[in-house]
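Read through the structure below, which is laid out as structure tokens, and then see the notes.
We did not get these values from a lab; they are worked out from the coordinates using the rules stated. As the structure is a computational prediction, the values presented were derived from the model and not from experiment. In this analysis, Cβ positions are derived from the backbone assuming ideal geometry, glycine residues included, and neighbour counts consider all displayed protein chains.
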């Protein structure tokens, strides 16, 4: 899970994943800052790391990346997503499951204003369960 600023999106996703899958999956919290990482660890991520290099190195080694769509946008999250982070996430061979939430001036056609809890449920039911079942 990659998140920034206060880690709210990442924390919400991690809580739901732990509720559904318990310890059957490993979740690594990657925060663009220490506060985001700490919040995701509080939500029961298995491990966590903060900063550009941690994100760039770790996304090379994971099976899936979950985060808001802004993690592939250089300078997003008030500048916390560096160009290296955006490039590393976008070019990672991992499956990317991006939540269409952004504070940036970006609109994604075909996406309606669904609340975060519903987006998380859709992410899990429509994509992650299939991904986990195919990977097992």
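A quick yes/no check of all residues on (1) touching a residue at least 24 places away in the same chain (Cβ under 8 Å); (2) in contact with a strand residue (DSSP E or B) (Cβ under 9 Å, 6 or more places away or on another chain):
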position	(1), (2)
26	no, yes
33	yes, yes
53	no, no
107	no, no
116	yes, yes
130	no, no
**OP:** Give the residue, chosen from 84, 107, that is in contact with a helix residue (DSSP H, G or I) (Cβ under 8 Å, 6 or more places away or on another chain), surrounded by fewer than 18 Cβ atoms within 10 Å (Cβ to Cβ) and farther than 23 Å from residue 131 by Cβ.
**Re:** 84
Original post:
Taking residue 49, is it assigned to a strand (DSSP E or B), in contact with a strand residue (DSSP E or B) (Cβ under 8 Å, 6 or more places away or on another chain) and more than 18 Å from residue 129 (Cα to Cα)?
Top reply: yes
**OP:** Scan the stretch 77-98 and report the pairs whose first residue is at positive phi and touching a residue at least 12 places away in the same chain (Cβ under 8 Å) and whose second residue is assigned to a helix (DSSP H, G or I) and crowded, with 18+ Cβ neighbours inside 10 Å, with Cβ atoms within less than 7 Å and a gap of 6+ or a chain change.
**Re:** 77/70
Subject >> Residues of the stretch 1-13 satisfying the condition of being in a helix (DSSP H, G or I) and either touching a residue at least 60 places away in the same chain (Cβ under 8 Å) or within 9 Å of the chain's Cα centre (by Cα) (or both) >> reply: 9, 10, 12, 13
Original post:
Looking at (1) under 13 Å from residue 2 (Cβ atoms); (2) in contact with a helix residue (DSSP H, G or I) (Cβ under 6 Å, 6 or more places away or on another chain), can you tell me which one residue 100 breaks?
Top reply: (1)
Original post:
How many residues, within the stretch 52-63, are surrounded by fewer than 17 Cβ atoms within 10 Å (Cβ to Cβ) and either part of a helix (DSSP H, G or I) or in contact with a helix residue (DSSP H, G or I) (Cβ under 8 Å, 6 or more places away or on another chain) (or both)?
Top reply: 5
